[in-house]
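S.K.: Below is one structure. I have some questions about it.
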Amino acid sequence: MNARLLLVSIWLTVIVCAGCAPIELSVVVVSASQAIAEAEVAGAHCTRDQLDRLSPVTENLATDPGTELVSTEEGHITGMIGLPMCDAPYEYYSAVELIHKAREEVGYSDYEAAVEYAREARTFAQKARDIAIQRAKERGR
């Protein structure tokens, strides 16, 4: 009788634990998506026009020849005349691509990898938001 009870308890434990990965994934993906939205609101992302103007490939193809880069003492690009600068494009777009990769891994039922990608996406999004807020403070906004 004890062996049967032990077998049933092990079986129930396996069933309960098998459902934990999708629940944890849902929580992490929602928090990562929320962090990405906060980073976007803070100004961490770039518009397509800003990306095209910043790209070394399309730099000479700009339609507005009067657009110039403005740099600081450290040599960092801080903005373009007539165009607001995106604050943390690397961190923001890393977060966006990582959340896409997490959702792709869910399609392969690899929940452990998906959770890790979503956590990393959340971290990048939080960094992007913090950088954007800091740079906005530095500009006096």
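S.K.: So the check is Cβ under 6 Å with 6+ separation or different chains; which pairs have a first residue in the range 112-141 that's on the phi > 0 side of the Ramachandran plot and outside any helix (DSSP H, G or I) and a second one that's modelled with pLDDT under 95 and of a type in the set (A, V, I, L, M)?
M.R.: none
S.K.: Could you look through the range 109-129, keep only residues that are of a type in the set (D, E) and surrounded by fewer than 16 Cβ atoms within 10 Å (Cβ to Cβ), and pick out the one that is nearest to A44 (Cα to Cα)?
M.R.: E112
The values are calculated or read from the model by the stated rules, or taken from the named source; none is laboratory data. If you're wondering where the values come from, they're calculated on a predicted model, not measured in any experiment. Cβ sites come from the backbone with ideal geometry, for glycine too, and all protein chains shown count toward neighbours.
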